[in-house]
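Student: Quick one: the structure is below, and I'll ask about it shortly.
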Amino acid sequence: MEFRYEVEGGNFSRAGHASSAVKKILKQLNVDNRIIKRIVVALYEGEVNVVAHAHKGNILVYIDEQKINIKIEDEGPGIPDIDLAMQAGYSTASAAVREMGFGAGMGLPNIKKNTDELKIASDVGKGTTLEMITYLQ
Amino acid sequence: MKVRDMVQKLGLKVFSGESGLENEIAGGYVSDLLSDVMGNTDENFVWMTLQTHKNIMAVASLKELAAIIIVKGLQPDEDTIAHSNEEGVPLLGTDMETFEISGKLYGFLNN
């Protein structure tokens, strides 16, 4: 199964719509609730990152019997130093974003913790692609 | 304890999400950082915060929280209220500060 969602940079009122849709699909597929929770945390953080940092993005979700593969591709500033971005507490979020309670530097660490495999590729000035794989068994 | 009992015992205001008042409470969490709540709460927790924007409902719904309590007499945004009604997650309010409301709730949950 394949699903695709669009994410609009800067539009916080829509943040979470893809996560919510994927959660409903996984519930319908009777995936273990603990696994759904991990996927939802990782996807929500990825979605918020696109809203907070990028101009726009696409979320591509592939589900088979063994795993869920989520690819989040954005057009945005990119990440110059991925190791630094992975550090808990490091953030480049704006003051306005931080005031909303985002941008605490916990997003990527939350994603790492809640996925089985994570790949990040980034091109500064162009965008970032996250690939997250979680096994369903 | 159900959310309804907590509302009564702590004198909380119910802004919206009345259909979730029968939710059972499994614990509580205090934070104003959304990623912290995403990463560290479990279902049926009550979340106490000063954030009032719509994204708190997205987090509460994804994490299947029992309810949100907005502290210090702050008012939730209109679209936060609308989302709370759609999701059936109660949005509650108190004039108390976070320290006081969380202390009271902790006391109730541990007695």
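Student: Based on the Cβ-Cβ distance of B:Val14 and B:Asp79, what FRET efficiency does E = 1/(1 + (r/R0)^6) give at R0 = 22 Å, to the nearest 0.05?
Tutor: E(calc), rounded to 0.05, equals 0.80.
Student: Enumerate the lysines that B:Lys72 could reach by cross-link, defined here as Cα to Cα under 21 Å, with residues fewer than 8 away along the same chain left out.
Tutor: List returned: B:Lys9, B:Lys13, B:Lys54, B:Lys104.
Student: Using helices alone, what [θ] at 222 nm do you get for chain A, with -39,500 (n - 2.57) per DSSP H run of 4 or more residues, divided over all residues and rounded to the nearest 500?
Tutor: One gets -10500 deg cm²/dmol as the mean residue ellipticity at 222 nm.
Student: Still on this structure: Name the residues of the stretch A:40-83 whose accessible area falls by at least 10 Å² when all protein chains are present instead of the chain alone, probe 1.4 Å?
Tutor: Residues passing the criterion (a loss of at least 10 Å², heavy atoms only) are A:Val40, A:Val41, A:Tyr44, A:Glu45.
Student: Now for a different question. Quick check: residue separation of A:Gln87 and A:Lys112 times 0.36 nm, minus the Cα distance between them. What number comes out in nm?
Tutor: 7.9 nm
Student: Measuring from label point to label point, each 7 Å out along Cα→Cβ, what is the A:Lys119 to B:Lys2 span in nm?
Tutor: The two pseudo-label positions are separated by 5.0 nm.
Student: Would you list, by chain and number, the aspartates and glutamates whose Cα falls below 19 Å from the Cα of A:Lys27, excluding same-chain residues fewer than 8 positions away?
Tutor: The qualifying aspartates and glutamates are A:Glu2, A:Asp64, A:Glu65, B:Asp42, B:Glu43, B:Glu64, B:Glu86, B:Glu87.
Student: With all protein chains present, how much of the accessible area of chain B (probe radius 1.4 Å) comes from carbon and sulfur, to the nearest whole percent?
Tutor: 46 percent
Student: So if the hydrodynamic radius of the protein assembly as shown is defined as the Kirkwood radius over C-alpha pairs, what does Stokes-Einstein give as its diffusion coefficient at 4 °C and 1.567 mPa s, in µm² per second?
Tutor: In µm²/s, the coefficient is 70.
Student: Given R₀ = 35 Å, what would the calculated FRET efficiency be for B:Phe108 paired with A:Ile25, taking r from the Cβ atoms and rounding to 0.05?
Tutor: 0.40
Student: When you look at the Cβ of every residue in B:62-75, what mean number of other chain Cβ atoms sits within 10 Å?
Tutor: 1
Student: With springs only between Cα atoms under 10 Å apart, run a GNM on chain B and tell me which of B:Leu50, B:Leu33, B:Leu65 wobbles the most.
Tutor: With Cα springs under 10 Å in chain B, the top fluctuation among B:Leu50, B:Leu33, B:Leu65 is at B:Leu33.
Student: What do you get for trypsin sites (Lys or Arg not before Pro) in the stretch B:57-111 restricted to DSSP loop and a cutoff of at most 15 other Cβ within 10 Å of the site's Cβ?
Tutor: B:Lys72
Student: Still on this structure, please answer the following. Name the shape class, rounded, prolate or oblate, that the alpha-carbon gyration tensor gives for the stretch A:82-137, where a ≥ b ≥ c are the square roots of its eigenvalues, rounded holds for a/c under 1.5, and otherwise prolate holds if a/b is larger than b/c and oblate otherwise.
Tutor: The shape class here is oblate.
Student: Hey, quick one: spin label on B:Lys72, modelled 7 Å out along Cα-Cβ, who in the stretch B:90-110 has an amide N within reach, i.e. under 14 Å?
Tutor: B:94-101
Student: What is the antiparallel percent of DSSP beta bridges lying wholly in the stretch B:3-109, to the nearest 5?
Tutor: Of all bridge pairs located within the stretch B:3-109, approximately 20 percent are antiparallel.
Student: By a straight-distance test (C-alpha under 27 Å), which lysines pair with A:Lys126 as possible cross-link partners, with residues fewer than eight away in the same chain excluded?
Tutor: A:Lys126 reaches A:Lys56, A:Lys71, A:Lys112, A:Lys113.
Student: Given the options A:Ala52, A:Ala18, A:Ala93, state which has the largest fluctuation in a GNM of chain A using a 10 Å cut-off (strictly under) for Cα springs.
Tutor: A:Ala93
Student: Could you pull the Cα extents of chain B along its three principal axes, largest to smallest, in whole Å?
Tutor: Cα spread of chain B along its principal axes, largest to smallest: 34, 27, 24 Å.
Student: Okay, next question. Rounded to the nearest 100 Å², what is the buried accessible area between B and A, both sides summed, probe 1.4 Å?
Tutor: When B and A are taken together, about 1700 Å² of accessible area is lost.
Student: Which chymotrypsin sites (Phe, Trp or Tyr not before Pro) in the stretch A:1-93 sit in a loop by DSSP (not H, G, I, E or B) and have at most 15 other Cβ atoms within 10 Å of their own Cβ?
Tutor: Qualifying residues, ordered by number: A:Tyr90.
The values are calculated or read from the model by the stated rules, or taken from the named source; none is laboratory data. Just so it is clear, the model here is predicted, and its values are computed rather than measured. Reconstructed Cβ throughout: ideal geometry from the backbone, glycine too, with neighbour counts over all protein chains shown. The protein model used for the area step is the full one, side chains on, heavy atoms only, and it has no ligands, DNA or RNA in it. Shrake-Rupley method; radii C 1.70, N 1.55, O 1.52, S 1.80 Å.
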